[in-house]
Each structure stands twice: as structure tokens, then as C-alpha cells.
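Participant: Handing you a structure now.
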Amino acid sequence: MSGESIKFQNISLVYGSDTNTTEVLKGIDFSINENEIVSVVGPSGSGKTSIIMLAAGLEKSTSGSIFIHNQDITGLTESELSLIRRRHIGIVFQSFYLIPNLTAKENVMLSLEANKKYNMDDEAESLLENFGLGHRLDHLPSELSGGEQQRVAIARSLINKPTIILADEPTGNLDEENSQHMIDLLFNYTRGNKTSLVLVTHDGDIAKQCDRIIEIRDGKIA
Amino acid sequence: MRRSYKKLWVITTTLFISLLLLSLTFAIKQSMVDEISANSKELLGGDILIDSGVSPLDEVVIDKLSSLGTVSSTVNFFTMLSGQPGSSVFVDMRAADSQYPLYGELKTVPPSAIDSVLNRSDNPGILINENIKSQLSLQVGQEVTVMNTKFIVAGVISSVPDLARSAVFGEFAIISKKEFDGFDLRSENSFLHHEYRLKISKEQFEQKNQEAISMFTDDDKVRVKLPKDSTESLRRIIDNFSNFLNLVSVSAMIIAGIGISNTMLSFINQRSVSVAIKKSLGFSSRVIKFIYFYEILLILFVTSVLAYCIGVMSPLIANFMIPEMLGITLQPSFSLINYLNIAFIGLLIVLIFSIPSLYSINSIRAMSLFRNTFLPVNLHFSTRNIVYLVLLTAILVAYFVFQTRHQTITLSYFLAFFASLVIFYLVASALIATLKRFKGFNSNSYKIAYRNIVSKKSLAPIITISLGVGLTLLLTLSLVANNLKREIAENIPAKAPDLFFVSINKEEKGDLEEFIRGIDSEAILDFNPMISASFVALNSVPIESLVSEGNPSRWAIRGDRRISWLKQPKDNSPMVEGDWWESGDTDNLHISFDSSVASDIGIRIGDKVTLNILGREVEGTVRNFRKVEYRSLGTNFAIIINDAYASKLPYEYIGTLKSSLDTNKIQSQIINKFPNVSAIKIDRIISKVSEIINKIFFAVSAISAVVIVIGLIVVVSAILVQANLRKYNNLIYKILGVGFATIVKAMTIEFMLIYLSLIAFSISVAAIASHYVVENIFQFDWVFDINLSLMVVASTGIVTFLLILFANKNMFSPAVYPLIRNE
């Protein structure tokens, strides 16, 4: 059995001021193992995306501890969290979030450069070709279809060979055919590289393809 | 609509500031013109002023004048005034009769002092201004000496009605005409100036006025001035300064225009969906453009009205800055014409800079709604637009050029300004092209900076243009000011003599020379004979009709000038054209001119020139031209005549002294021994000129800084209109693991790259412009001061960078949650 990639220990997340607070997560505990593909499901507003943000170190929990490869990240500084993200984590969003004035290849290379890997055009081109985007390398996001943009976004999150992939409804803006294609790309990579994948989704069929399903309701694991 | 205006704050702010500057210029100019027009009789001192120069009018003429109204006679002259032993100053003295002043009020402390000086016959009294009082540490009641005569200080002058410039900036004193008559100065004293003012009663005013004027119509020795003439030089100064302010204002408005264009484009891009929906509902592009244009027009209307209202009230504040001695009180003055002028200039700027942005609406298509694919639109430059822009710009330039008497300078300024805009745009383009070729360093910060600069929405062009022009203007002014200060503080004192002597009788000259040799045998002395003369005609054509107001050598024909004579040309004014006269020709007048004066006026060798020498008109022949070096402050003359002809004229001497000994001691010994000789220390004059130049350049630089302020607002607004894009990009960087420090470093590198490319050209353009001004207009040697340039560049850079940091403060580490939630 492999070790734990992610571990949430009694995590609570509260937004708002003293008088008007929203308790998003209410003391949840779970862990995700290396090589494991886990889907997080639940109704809107249940706290699924918050779990992704906490795991990525983009949000600070109100209480509890989060471990990434056994390192407690809850007390880390902004720059230490940046380092964790660069080394271990790849993130895929529902709305792609590509930089509009960079080409497909430049968007992918951006991730390499963040990790201080410069002039690795070949690697970015090769990955995009694998994703069927060899003919779109120099196209701007506005010149790509939704499916193509999402493939660029996934390539960007995988180019650094992360050990954890956090995907927030990556198929939410895609049709059925493109959705399955994206899932295949993510699953193949995860399986082939002994990576963990946390997949937030509303799609029951996709959730069923994962190793495990974590269901969140009212900020708690159901 | 309200939301639109919040987004359009930069248009509102920059338009308002630049319109305010223009309004202040118009309003203060209007108030000053109104004030001097309303007080033109006070400024002249009478209904008519008769200037008879070095000679007084005949008693018969004065009697005839007296029959037409009240006559007041004054004599102005320069002389030494001594206080305690060893302390003396060179003063502009006015000897006035008991009728003075005919108009306005001479204010003194105590108020009764004027009466005790001009009307009483007991102890001779003198009125001094504040400068004399402080320099000689004098008090009312103390004794001073003028021309060997003792005077009691009766009071201190607070203000004079007829704007004697020395009263405000120099040393000025008033004694009674009776005391002056006691000095028994001879009419050949070139520094005497007789003036007669006439106040005519209201009855038969026009008739008596005409009669008085006609008395002197055929008399070339006398100049008649009317109230409208008294304000001519003041109007010229006001015109020149307001022209400068107008040019600064319009420069600020053009920079503001860049902000308007950028903001409008961003505004339209943010509303591309709304525009597409309107088009899908059947609105034409033309109608939509007008909707946005009306919004801008409304902003222009509100800002121009507000700016003009503040401008109209500004004379009340300006009154606090006007020296009391001038006796001027400005009144707010509303003028619809002035407001329309300001609004018209604002409209031209708004049209020029909003047309390319508004026409981008043509590129937004309703069909984009179906695919939700909105690409950002760019400035639209069709052939028709370019024609509009050229036409509107030509109208703007013509408006300013045709309103000034310095048309060439104004046109050159605009050409230089537009050339600078193009140069800085090319600088930004060159930077982008260079960076694209050299992708450079393996550093995250550099890569981010590089991408920001080379991207389509790069801030490089807007920062380079708006900051570059302002910085260049400030650098140019600083370099010009520095060169002038250096010339006045270092170069001139090094070459100039230490003392000037004026009013030296020819009988006294030998004794004075011997006396000075006794003090310092090594002293360099230069004495030149001198008489007063005026330029009447060139080849029998009245000279006034040949030389325009704007002619750079007009000074040489204005009023009485001092002329001298020589046997041979001097080393410091060598002959450059023509031949020298033969010695001994006492019957014919031969004339030598300063070559630059001759060139400006159009005098050629062999021309016949009529001079009025001591009241007699004499025609002479132009024999040669000399290159005259005035910068040394030695004794030099624009007009020199042949010594043989001059030998029969009464004259006096002017002289200079350069000595290695203590000048104060020499001056005080000379004044004690020769009380009628005026000995003026040059360092006092230089420090006074230096002080005035410092004040002028401080004011000019402060006003010009408005261009930089507008530039900074435009830069900050350009950053803010890109706030969403920058925030979005920084968020992606953050998600990819790029830290806060890297993003700040990237922004620093981005600014440094843009600013470094900009300053090289700013310094170059400023160096060329200041070189032109210093060498050609001031005719001094130009020296480039690298330390000053770097100081101006560094301080502007630091302020700009801090502002950029401040404008970006919310974009460095944006919250992830709103983005992921699509908020």
C-alpha cells in the first residue's frame, strides 16, 4: 500500500465577519493515497471547491491540519505554499483559465517556467501533440474551441509531472464527447505516473469511474 | 450613466486638471489686462506723458502745456546713495515736483512723508524703498548723501502708482525737483531722463488732448505717450507668459488625450456585449458612437464649467502673490468668450483622441453574441479618420499659432511636441521589437515582465509616451535653467569687471583714473566716452516703421541709447565687415554697428542713418559692422561713431575696473573722494539677476510639472483599466506556484525596462532642445549636466514607480476564491 498524498484532519472553513459567518466545512477528515483517483461529489455550495483550494494551499483553513505528502501545510508561508504547488500540484479548472495573450504552447511553458525550467519548448510541444494539439501550438486561447482550451489547461497542469492533480469540474463546460476525452487524458496520466487525482464533479458517470467517491453535504462528509 | 462616469474618472480628472490650468491662464490674463486698462492713466501718471529725454522742455512749452491742464515734471536718473560711511547703493532716483503724482496715490510710511519731501522747503527729505532701507539698514529720520547733498529719510515707499520697476525689484528713491535743480547737472549727463505729465480737466478734454499732442507732432526730440501706450510693455510680458502657459496647458491636454483614448477604448471593450446587443436590436454603429460621445461631451461640459469657475476666482488668490509695491489688485472677471475658447480647445482635444476609440465600435459585431466570442477591439484608423484627425490637429495648432505674436516659436513648439510623441511611440516599439529578438534571461520575473511588455495590451507605449513627453519638458527646462545659472554665477563674473563707473565728467576722469592707480596700480581700467542718441531713420525712412515689435534687435531703436566713439576698433568688438574711418574727418558722421543688430534691422554698408544726438538730427554713413561681445559685461556699444566728429560734442565717461583687491574698499574710497561718480558693484547686479532667474525657473518648472502629473495620472489609469487582466494573470501565476515576490520583481523589471529605454531618449531630446535654446536664443555656451539630468530622471522614476506600485497594490496577490467561483 502506498503512502498518503493528501490528508485532511478535522478541517473547518468559515467565511465572513463575526456577525455574518458561513461555515463551509465543518471538521472534515479524509485522506487520499498515492496513485488513487478520488471523486468529490455533492450539491452546489456543499464545499467541494473549497476542498480543492485548501489542498492547493490557495485557501487557509479556519482550524485543523492539511498534509501534503506528510508535510503539514497549514502553517506555511505564501512562498512555501507556492513551492509546494510548483513541486507537487497540478490544478485544472472548469473555466480553463488560460492567459489570453499567450499561445497554447506559451501557456503550457508558463508552468515549466514557474518551476524554473526554461527553454523547454520541445517538451511543451510534445505534450500538446500527445493531446492532439500539434496544429494549435501557436494559437491564442480565443482561437481554440472549448475542448481544445481545456486540453491546453490540462497539459499546463501536467507538464511539471505533479504528484497530485486537483481538478475542479474539468468537464463542466464541455460536451459529452469532449468530457470523456478529458477524463481519459487525466486518468491515463494518473495511472501512468503513479499520481493522485482529486476530481470534483457533478457527473455521476464520471464519479463512478474513480477509485473512490467522497460525498460532501453541508460541509461534512456524508 | 452614473456607473459609466465612475469608470471614466480618468477622463474627468485629466480633463479637469488641464482645463483648470488653461482657465487659470485665461482668467488671470483677462484680469490683468482689465486692471491695466482700467488703470492706464495711473500707469502713465497722466493723460499724456511727454518724454524729452536728456534735455528739459523749454519754459515756453511748459507754460503752454500748463494752460491745457496740470503739469507735473519729473527727472529720472541713476546715482549713488550713501548711508553710513562705507555703505552705499546705486539707485534709480526720481526727482518730482509738488504736483506728483497726478493720478493714483504714492503710498509711504509714514503717510505724511510725501508731503514733507515734495512740498516743504526746509530740510531736504528723501523717500526710499524697502530694498534701500534693508541694504543700508536705514531708519526714518536718518541722514543719507546723494550727489554730495545731505538728505533726511522722510519715509519708506509702499507703492507707486506708475509702476516703476526699480521700486519693486531694485533700489528706488524719490526727492523733490527743487533739490535736483540744486545739483546743477548738465544736460549731457546721459543718465538723465526728463518727463512731463499732463492732467487735463474733463471740460474740452478731447480738444485739449489733441492740442497737447499736436504741440510735439513735428518734434523728433520728444516722445509723446498716451495711456494706451503705457500698458504696451506690460501687455507684452503678460502675453508672453500666458502664451507659455497656454502651450504647457495644451501639452497637458494632449497627454490627457492619450488617457482619454485609452480609457475610452477600455470602456468600449468592457461594454462589447452591450454594444453587440444594441446592434442586434437595430441600433446603428453611428447611433451607438453618438451615445458614448454625448457622455464624453457631458463630462467636458461639466469639467470645463467647473474649471472656468475656479479660474475666474483665481485672481483673488493671485493678489496675495503680487508685490504690494506694484499697487495692482486683480478682480475676478467672467468672460463668455474666454469660456467658449477653453471649451473649444477641450472639444478639439476630446474629438482628436476619442475618434479612433469611438470608431472601434464598428468592429464589434452582433453575431459575436451567438458564439460568445468577443475579441478586444483596437483603435480604428481609417483613411477618413486620419483626415479628420489631421484636420482637427491643424485647427488646434492654428488656434494657438494665430493668437500669438511669436508664431514661429509656437509652431516650432507644436512640431517638436508632436515629433516627441512619435519618437516615444517609436521608442516603445523598438523596445518591444528588441525584447522579442532577445528572449533573454532564465528568470521567472523577467519572463513575466517580458510577456507583459510584448503582449498586445502592453503598457509600454502609453507609459513611454505620456511619461516621456513630461520628463523631456522638465529635463529641458532644468538644463536651460542650469546653463543660465552657471553662466550668471560662474562665467560672467569670471569675465566681468568688478566695478562700473557712470556719470564721470570729462574733467574728473583723469583724477579718478590717477586715484584708482594709486590704490591698485595693477587694476585693469577701461574708460569710454559716451553720449545719448536715438535712432531716427534709415535711408530717410522712419526707423519705427521698418522694425517690427517682434524684431530681436528692436531694443536698439527704442528711445535714447548710449553711443560712443573710437579711433580704432577694440579687441572685444572686432570689425567683421566694411572698413574703418579715416581720422580727422570732423564734418562727416561715420557709423559702426553691432553686426547682429545690423542684420536684424537690415542695415547695409553705405546706408544712410539719421541719429538724434543731443537734440540735433544728424545723418551719417554706415561704414562697418563689429562683432560685439556683450556677455563679458564690459563696456560695449551697439553704435559707435567716428572720434573726430564726436570731438565737438559735450560728453561724459563710463568706465569699468577689474582688480584683485577688495572691491568694497575700492568702491568706498572712490565714493568718498568722488561723490558725483557712481560706482556700481557687479556682483550685486549678478546676484539680483540670479535671484530673479531662480524664481522664474522655479515657477516655470512647477507649472510644467503639470504635464508630468497628467502623465502619471494617465499611466496609473492605464494600469487600472488593465486591472482585471493583470489580476487574472497574477492569479494564474499564483496557482502555478509563482510567489508574490516574483510578481513584484517582474513588475519592477517591466518598469525598469520601459523607463530605461525612455530616459535615454528623454535625455537626448532634452539635450538637443536645451542646446538649441541656450546657444541660439540666449547665446550662451551650452554644457550638459549629467548629475542634474540623472537627478531629475531618478526622482521622476521613483515617484512613478511608487505610484505604479500603489496602483497595483490589489493585483499582486489576488484572492483565488472569486475567480474560481466566477465572481
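Participant: Please go through the residue pairs A:Lys7/B:Lys727; B:Lys29/B:Lys695; B:Lys567/B:Lys627 and name each one whose alpha carbons sit more than 23 Å apart in this structure.
Facilitator: Too far apart for the 23 Å limit: A:Lys7/B:Lys727.
Participant: Angle between the Cα long axis of helix B:786-807 and the longest principal axis of chain B, 0 to 90 degrees, nearest 10?
Facilitator: 40 degrees
Participant: Okay, moving on. Say each of B:Asp184 and B:Leu426 gets a label point 7 Å from the Cα, pointing the same way as Cα to Cβ; how far apart are those two points in nm?
Facilitator: Placing both labels 7 Å along Cα→Cβ, they lie 7.5 nm apart.
Participant: Another question about this same structure. Where a Cα-Cα gap under 26 Å defines reach, which lysines qualify for B:Lys64, not counting those fewer than 8 residues away within the same chain?
Facilitator: Hits, sequence-local ones excluded: B:Lys41, B:Lys177, B:Lys178, B:Lys199, B:Lys202, B:Lys208, B:Lys221, B:Lys225, B:Lys228.
Participant: Projected onto the charge dipole of chain B (+1 at Lys/Arg Cβ, -1 at Asp/Glu Cβ, origin at the Cα centre), which of B:Tyr728, B:Gly257, B:His193 gives the Cα projection farthest towards the positive end?
Facilitator: Highest projection toward the positive end goes to B:Tyr728.
Participant: What is the dipole size for the protein assembly as shown, taken about its Cα centre, with +1 at each Lys and Arg Cβ and -1 at each Asp and Glu Cβ, in debye to the nearest 20?
Facilitator: 3740 debye
Participant: What are the ³J(HN,Hα) couplings of the stretch B:762-768, residue after residue, when phi is run through the Karplus curve with 6.51, -1.76, 1.60 and θ = phi - 60°? Round to Hz, x for glycine and proline.
Facilitator: Couplings: 4, 5, 5, 5, 5, 5, 5 Hz.
Participant: Another question, then. Once R0 is set to 30 Å, what does the formula 1/(1 + (r/R0)^6) return for the Cβ-Cβ distance between B:Glu211 and B:Trp555, expressed as a FRET efficiency to the nearest 0.05?
Facilitator: E(calc), rounded to 0.05, equals 0.35.
Participant: Separate question: In the protein assembly as shown, if every C-alpha pair distance is counted and binned at 10 Å from zero, what percent goes to each bin?
Facilitator: That works out to 2, 9, 14, 16, 14, 11, 9, 8, 7, 6, 4, 1, 0, 0, in percent per bin.
Participant: Between B:Arg684 and B:Leu802, what length in nm is gained on full extension when 0.36 nm per residue of separation is reduced by their alpha carbon distance?
Facilitator: Working: separation 118, 0.36 × 118 = 42.48 nm, distance 4.32 nm.
Full extension of this stretch gives 38.2 nm more.
Participant: Which entries of A:Lys220/B:Lys734; B:Lys570/B:Lys673; A:Lys105/B:Lys809; A:Lys161/A:Lys194 show an alpha-carbon separation above 20 angstrom in the structure shown?
Facilitator: A:Lys220/B:Lys734; B:Lys570/B:Lys673; A:Lys105/B:Lys809
Participant: Let me ask something additional. Summing +1 for each Lys or Arg and -1 for each Asp or Glu, what net charge is found among the other residues whose Cβ lies under 10 Å from the Cβ of B:Asn642? It would help to have the intermediate numbers written out before the result.
Facilitator: Values: positive: B:Lys567, B:Arg623; negative: B:Glu582, B:Asp585, B:Asp643.
Every neighbour counted, the sum reads -1.
Participant: Counting only helical runs of four or more DSSP H residues, what would the 222 nm mean residue ellipticity of chain B come to if each run contributes -39,500 (n - 2.57) and the total is spread over all its residues?
Facilitator: -17500 deg cm²/dmol
Participant: With Kirkwood's inverse mean 1/r over C-alpha pairs for Rh, give me the Rg to Rh ratio of the stretch A:9-158, two decimals please.
Facilitator: Ratio value, two decimals: 1.03.
Participant: Quote the charge dipole size of the stretch B:48-225 about the Cα centre in Debye, to the nearest 20; the model charges only the Cβ of Lys and Arg (+1) and of Asp and Glu (-1).
Facilitator: Around 420 debye, computed over the stretch B:48-225.
Participant: Something else now. From the residues B:Ile453, B:Ile11, B:Gly711, which one has its Cα farthest along the dipole of chain B in the positive direction, the dipole being from +1 and -1 charges on Cβ of Lys/Arg and Asp/Glu about the Cα centre?
Facilitator: B:Ile453
Participant: At a Förster radius of 22 Å, what calculated FRET efficiency corresponds to the Cβ-Cβ distance of B:Gln139 and B:Ser112, to the nearest 0.05?
Facilitator: My answer for the efficiency is 0.85.
Participant: Continuing with the same structure: Taking amide H positions as placed 1.01 Å from N in the peptide plane, with prolines and chain starts having none, which residues 5 or more places from A:Gly27, or on another chain, fall under 5 Å of its amide H?
Facilitator: A:Ile11, A:Ser12, A:Leu13
Participant: Put +1 on the Cβ of each Lys and Arg and -1 on the Cβ of each Asp and Glu in the protein assembly as shown; which of B:Val618, B:Ile465, B:Ser690 then has its Cα farthest toward the positive end of the dipole?
Facilitator: Selected residue: B:Ile465.
Participant: Given R₀ = 56 Å, FRET efficiency for B:Arg236-A:Ser79 by Cβ-Cβ distance, to 0.05?
Facilitator: Working: r = 65 Å, r/R0 = 1.17.
The computed FRET efficiency comes out at 0.30.
Participant: Something else now. Taking the Cα atoms only, what angle lies between the long axis of helix B:506-519 and the longest principal axis of chain B, rounded to 10 degrees?
Facilitator: 70 degrees
Participant: I'd like the orientation of helix B:285-318 relative to chain B: the angle between its Cα long axis and the longest Cα principal axis, in ° from 0 to 90, rounded to 10.
Facilitator: So the helix axis and the longest Cα principal axis differ by about 30 degrees.
Participant: Which Rg and Dmax, in Å, describe the Cα atoms of the stretch B:48-225?
Facilitator: 16.7, 55
Participant: I've got another one for you. Using +1 on the beta carbon of Lys and Arg, -1 on that of Asp and Glu, and nothing else charged, what's the dipole of the stretch B:524-658 about the Cα centre, debye to 20? Please report the intermediate quantities before stating the final value.
Facilitator: Numbers: 15 positive and 18 negative charges, 59 e Å.
The calculation lands at about 280 debye.
Participant: Hey, for a label at B:Ala815 modelled as a point 7 Å past Cα toward Cβ, could you say which residues of the stretch B:716-742 have their backbone N under 16 Å away?
Facilitator: Under 16 Å, as judged by backbone N against the label point of B:Ala815, lie B:727-728, B:731 of the stretch B:716-742.
Computed from the coordinates by the stated procedures, all read-outs in this text should not be read as laboratory data. Please read all numbers here as calculations on a predicted model, not as lab measurements. Note that we place each Cβ from the backbone using ideal geometry, even for glycine, and neighbour counts take in every protein chain shown.
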